[in-house]
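Okay, so here's the structure we're looking at.
What follows is calculated from the coordinates using simple rules that are stated; it is not laboratory data. As the structure is a prediction and not an experimental result, all values here were calculated from the model.
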Amino acid sequence: MFIEPLLNRHLNKGWIEVIAGPMFSGKTEELIRRLKRAKIANFKVSIFKPKVDNRYSANEVVSHDANAIASIIVDRPIEIVEYYDDADVIGVDEVQFFNEAIVDVLQYLALKGKRVIVAGLDMDSNGKPFGPMPALLTVSEYVTKLHAICMDCGSLATHSYRLSKDKSRILIGEKDNYEPLCRHCFHKKTIAEETE
């Protein structure tokens, strides 16, 4: 929808960076680190997060260990285009909560010469690809896959296991609702749940 008009223009080269992984792997921490470094280098930065994510702060992107950076709350991906205020670097946290339109919006911004950095869960608590993440991983120039530590065996954790019995796909939470697990421990617990 946005891409075709920009193909004939001579613009600075932009790109998309995706930071992906399970809960408690440091995705937001890494996003904040990259955005703060861009600010130190005197780039104009705009940061966004979905309205649904209100765990720690209504107007900041906040990591689990309380690092924070001011952000703009948006309900729909198109609002990012309306509010990015001609920034050089655009950050988006919890990108998995947006609909598929986010892919077009972020590609539009990259084609305008923007450095776009997003962070999000690559899988939901059922171990399935989460929202627009598969498409974003496909169209991005850079992918960083982070891991947590498995709460059961200490191995690298790739899954976010839901402790709560709430079965809705989106359940905003922290350690009270989720724990990181490796593939094998996730599979073992999921099988055990199915046989109960």
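In terms of distances greater than 19 angstrom between alpha carbons, the cross-link table entries Lys128/Lys165; Lys145/Lys188; Lys165/Lys188 yield Lys145/Lys188. Within the same chain, lysines fewer than 8 places from Lys44 are excluded, and of the rest, those with a Cα less than 20 Å from its Cα are Lys13, Lys36, Lys112, Lys114.
How long is the gain from Leu137 to Lys39 if the chain were fully straight, where each residue apart is worth 0.36 nm and the alpha carbon distance is subtracted?
32.8 nm
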